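Notes to accompany the following structure.
The values are calculated or read from the model by the stated rules, or taken from the named source; none is laboratory data. Since the structure is predicted, the reported quantities are computational estimates derived from the model, not experimental observations. Don't worry about glycine lacking a Cβ; one is built from the backbone with ideal geometry, like all the others, and counts go over all protein chains shown. Ligands, DNA and RNA are excluded from the accessible area calculation, which covers all protein heavy atoms including side chains. Shrake-Rupley method; radii C 1.70, N 1.55, O 1.52, S 1.80 Å.
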Amino acid sequence: MSHATYDIKDRIALITFQNPPVNGLSYALRKSLVVFVDQAEADSGVDAIVITGSARAFSGGADVTEFGTPRVFQQPILRVVIEVLENVTKPVVAAIDGVCLGGGLELALGADYRVAAAHAQIGLPEVKLGLLPGAGGTQRLPRVAGLEKALHMITTGQIIKAKALADTALLDKVVETDVVGAAIDFAKEVVAQKLPLKRVRDIDINPEGANEILQAAREKLQNGKKGQIAPLKCLDAVQASVFMPFEEGLKYERELFLQLMSSPESAAMRHIFSAERAATKIPDVPADTLLRKVEKVGVIGAGTMGGGISMNFLNVGIPVVLLEQKQDALDRGVATIRRNYENTMKKGRITAGQVEERMALLSTTLSYDGFADVDLAIEAVFENMDVKKAVFSELDRVMKKGAILASNTSTLDLNVIAGFTSRPEDVIGLHFFSPANVMKLLEIVRGDKTAKDVLATSIVLAKKIGKKPVVSGVCDGFIGNRMLYAYRDAADNAMLAGASPSQIDKALESFGFAMGPYRVGDLAGLDIGWAVRKRRAEANPEAYVPVVADRICEAGRFGQKTGAGWYKYEAGNRTPIVDPVVENIVKEFRDARGITPRVVSDQEIVSRCIYALVNEGAKILEEGIALRASDIDIVYLNGYGFPAHRGGPMHYAQQVGLFNVVRAIKRFAAASDAEARFWQISPLLEKHAESNEPLK
Ligand code: T1G
């Protein structure tokens, strides 16, 4: 049962929250806090009260595990707890260390004074859950941090170090160590000097200039992320803090909060929050598994992927040794890494000193012997099994016992690769997405023999380098690319039925994708997929099914890189222009198959493409390639641009209703034999559509 503890030191009551891991403001904690505050107020031996959490967290905010349960509205709700603090007749001082976020900060704003550790992390990140601060944060924060800073913090959810807020009325004192001791001394001073109780709600906001600030913020948000309604509601609530009396503003904030709490967008974003964390939990790998040491990383291949992969480790202070076969390739690779850092520096995101620090951690070698002391090797070489065999045989020869051997392969069988070594238990797949130093997704491919501690180490390392790890079993395309093939085929089916590439792109971009599949193809280069299809056709001629993309490539149209692909492009301009040449290629392709084009609605396009993702995702789940449906969402959100406010393909299907999804698929499948062959419904999906049980 989560609660708080109560001590008295030198006539100061110290109430400490005890709800690990981050003192989520659970019902039990909220109730304990009120009981102890009442106890302290009634105790004549107490002059003041200090409330605090732990070194890791003052509080991470409302207890997210209570969302969707009656407890979140069980009295005393957070708003009531804060008012209790405000009405106590003795000074209340909040001692803030670790994270002080969301409802945690709102709680601290109910105290009279706030003392924080310099490194404490302060913010109102509710907007990232599709919510807004619902316990007075939108009304109190502007009163102490100023309208502009509060507006930025609330509409972006940005977390700021306490020392950067030291000069605002939000914090009365910022200390380097022992924040609780400092807060107790501060409380004693307040008592000794008979300082007044200082309620944030009583501070007035000067409306002068507010309209300009609010209008500018509104215009910026209106051009912001599609589909996300919370940022504008946050702004509406903050606007109320300027022009409404406090109590009215509080009531308005509450109305907006309840609207967001019941919105599909917030449900989707809260789903993502818990799904990201669930993905790091592997049922047969204990959370306390002893991890392998990874203090030095070797990367084979200094191309785009190898360079990007290296940067992830350099960014967090882990030395990298980069291996190539030729010095000029190494020099090019190192120069590209430096150029990337210098570009980031020009954007003000890192300093020149950090560029040099990171580059100093990078060394190079032309020989595998340079990998004798690395703890983890990651190969990012050409996607060819013979090349992988040569690489892994060498790694097996030179690397020390206990080191981890990883492949960045995106299409080859990891179990076969592991078989090239005498230590398959030390082999794992680390599938980065290009650009590897930017994309958040990391598919961690678990081989049949991959050791549990290698898997656990890879997950922790992934989080350390800022990735969103998802564990995948071994199959063609793992989780993401396998679903991508289905998505693209569904788009092609819609095109053969009568839709144009640009209509399909626009329909999916209206759904929320940053780019539709044909624009993505032109950006990435159509020749890459063409080479894979030709390789597969050679290996398995009877399985080859011609696609329109082949005809596009045969015309030398590889996308932006050749000035034309599915669209045409003017020199130096990436704006896609509909090209009659493509329309003609599509027409010829339909004619050769006796297809008479029909009108295909945008809704049908979206349903076809998204349900193809869902159906393939269900098969991936059924085969045990993915551990849970929410893992599939994390893959597609972080690697393929699925819109966050939709929660991921599997969550979206749940919101549409699996019965409706399966019914639509059946209608697509009934259209022709080719459609029936494409739409082979996952038995698991069909079963859950029948039972209406969510896919887990
Ligand atoms: N409640 C309960 N558990 C939480 C939690 C929370 N608020 N935040 C994190 N956890 C759990 C998390 O699930 C994981 O559990 C463990 O803590 C470590 O988290 C009324 C309505 C705090 C910066 O949005 O941003 O207040 O997996 O892996 O990288 O206005 O978690 O170990 O079982 O992320 O060190 C607003 C959300 C809520 C903050 C820590 N608060 N949390 O990051 O560890 S809404 C937030 C975070 C609200 C009020 C509104 C991060 C973190 P497990 P972690 P981390």
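Please work out which one of (1) assigned to a helix (DSSP H, G or I); (2) in contact (Cβ under 8 Å) with a residue 40 or more places away in the chain; (3) hydrophobic (A, V, I, L, M, F, W, C); (4) surrounded by 22 or more Cβ atoms within 10 Å (Cβ to Cβ) is the condition residue 337 fails and give its number.
So the condition that residue 337 fails would be (2).
Return the residues of region 1-37 that are among the aromatic types (Phe, Trp, Tyr) and either assigned to a strand (DSSP E or B) or on the phi > 0 side of the Ramachandran plot (or both); say none if nothing qualifies. Explain how you work it out, then say what you get.
We begin by selecting, within region 1-37, every residue among the aromatic types (Phe, Trp, Tyr); these are 6, 17, 27, 36.
Across region 1-37, the qualifying residues are 6, 17.
Does residue 106 satisfy being within 16 Å of the ligand (Cβ to nearest atom), open to solvent by 50 Å² or more (accessible area, probe 1.4 Å) and either farther than 16 Å from residue 187 by Cβ or part of a loop (DSSP other than H, G, I, E, B) (or both)?
No; evaluated as a whole, the condition is false for this residue.
So, in region 656-675, how many residues would count as being at pLDDT below 95 and farther than 18 Å from residue 600 by Cα?
1
Mind checking which residues of region 512-554 are over 35 Å from the mean Cα position of the chain (by Cα), loosely packed, with under 15 Cβ neighbours inside 10 Å and small (Gly, Ala, Ser)?
539, 543
So which of 73, 58 is closer than 27 Å to residue 125 by Cα and free of Cβ contacts under 8 Å to residues at least 24 places away in the same chain? Break it down stepwise before answering.
Numbers: 58 fails: free of Cβ contacts under 8 Å to residues at least 24 places away in the same chain.
The match here is 73.
Has region 67-77 got any residue that is open to solvent by less than 10 Å² (accessible area, probe 1.4 Å) and not in a loop (DSSP other than H, G, I, E, B)?
So far as region 67-77 goes, no, none of its residues is open to solvent by less than 10 Å² (accessible area, probe 1.4 Å) and not in a loop (DSSP other than H, G, I, E, B).
Give me a count of the residues in region 1-29 that are more than 16 Å from the ligand (Cβ to nearest atom) and farther than 23 Å from residue 187 by Cβ. Lay out the reasoning, then the answer.
Keep residues of region 1-29 that are more than 16 Å from the ligand (Cβ to nearest atom), which gives 5-16.
Those still in the list that are farther than 23 Å from residue 187 by Cβ too: none.
So the answer is 0.
Output the residues belonging to region 586-598 that are more than 22 Å from residue 487 (Cβ to Cβ) and open to solvent by 70 Å² or more (accessible area, probe 1.4 Å). Explain how you work it out, then say what you get.
Of all residues in region 586-598, those more than 22 Å from residue 487 (Cβ to Cβ) come to 587-588, 591-592, 594, 596.
The answer is 587, 588, 591, 592, 596.
I need every pair where a residue in region 121-137 that is in contact (Cβ under 8 Å) with a residue 24 or more places away in the chain has its Cβ under 6 Å from the Cβ of a residue that is among the aliphatic types (A, V, I, L, M) and near the ligand (Cβ under 6 Å from one of its atoms), sequence separation at least 6 or different chains.
Pairs found: 121/99; 123/101; 125/101; 135/78.
Taking region 518-560, which residues are charged (D, E, K, R) and part of a helix (DSSP H, G or I)? Break it down into steps so the answer makes sense when it comes.
From region 518-560, those charged (D, E, K, R) are 519, 522, 527, 533-536, 538, 542, 550-551, 554, 557; that's our starting set.
Selection gives 519, 522, 527, 533, 534, 535, 536, 538, 542, 550, 551, 554.
Got a sec? Which of 400, 388 is open to solvent by less than 50 Å² (accessible area, probe 1.4 Å), basic (Lys, Arg) and more than 20 Å from residue 437 (Cα to Cα)?
The match here is 388.
Inspect region 38-60 for any residue being within 8 Å of the ligand (Cβ to nearest atom) and either more than 17 Å from residue 114 (Cα to Cα) or outside any strand (DSSP E or B) (or both) and give the result as yes or no.
Yes, the conditions are met somewhere in region 38-60.
I'd like to verify a number: residues in region 80-103 that are more than 13 Å from the ligand (Cβ to nearest atom) and either assigned to a strand (DSSP E or B) or open to solvent by less than 20 Å² (accessible area, probe 1.4 Å) (or both), how many?
Looking only at that region, the number is 9.
Just checking, how many residues over region 264-281 are open to solvent by 10 Å² or more (accessible area, probe 1.4 Å) and more than 9 Å from the ligand (Cβ to nearest atom)?
So in region 264-281, the residues open to solvent by 10 Å² or more (accessible area, probe 1.4 Å) come out as 264-265, 267, 269-274, 276-278, 280-281.
With more than 9 Å from the ligand (Cβ to nearest atom) added as a condition, the list becomes 264-265, 267, 269, 271-272.
So the answer is 6.
Can you find even one residue in region 125-135 that is closer than 22 Å to residue 169 by Cβ, of a type in the set (A, V, I, L, M, F, W, C) and away from the ligand (no atom under 11 Å from the Cβ)?
No: region 125-135 contains no residue that is closer than 22 Å to residue 169 by Cβ, of a type in the set (A, V, I, L, M, F, W, C) and away from the ligand (no atom under 11 Å from the Cβ).
Across region 241-253, which residue is nearest to residue 636 (Cα to Cα) among those that are of a type outside the set (S, T, N, Q) and open to solvent by less than 40 Å² (accessible area, probe 1.4 Å)? Walk me through how you get there before you give the answer.
Of region 241-253, the ones of a type outside the set (S, T, N, Q) are 242-253.
Adding the requirement that they be open to solvent by less than 40 Å² (accessible area, probe 1.4 Å) leaves 242, 246, 249-250, 253.
On the way: 242: 41, 246: 43, 249: 39, 250: 38, 253: 33 Å.
If we take residues in region 241-253 being of a type outside the set (S, T, N, Q) and open to solvent by less than 40 Å² (accessible area, probe 1.4 Å), then 253 is nearest to residue 636 (Cα to Cα).
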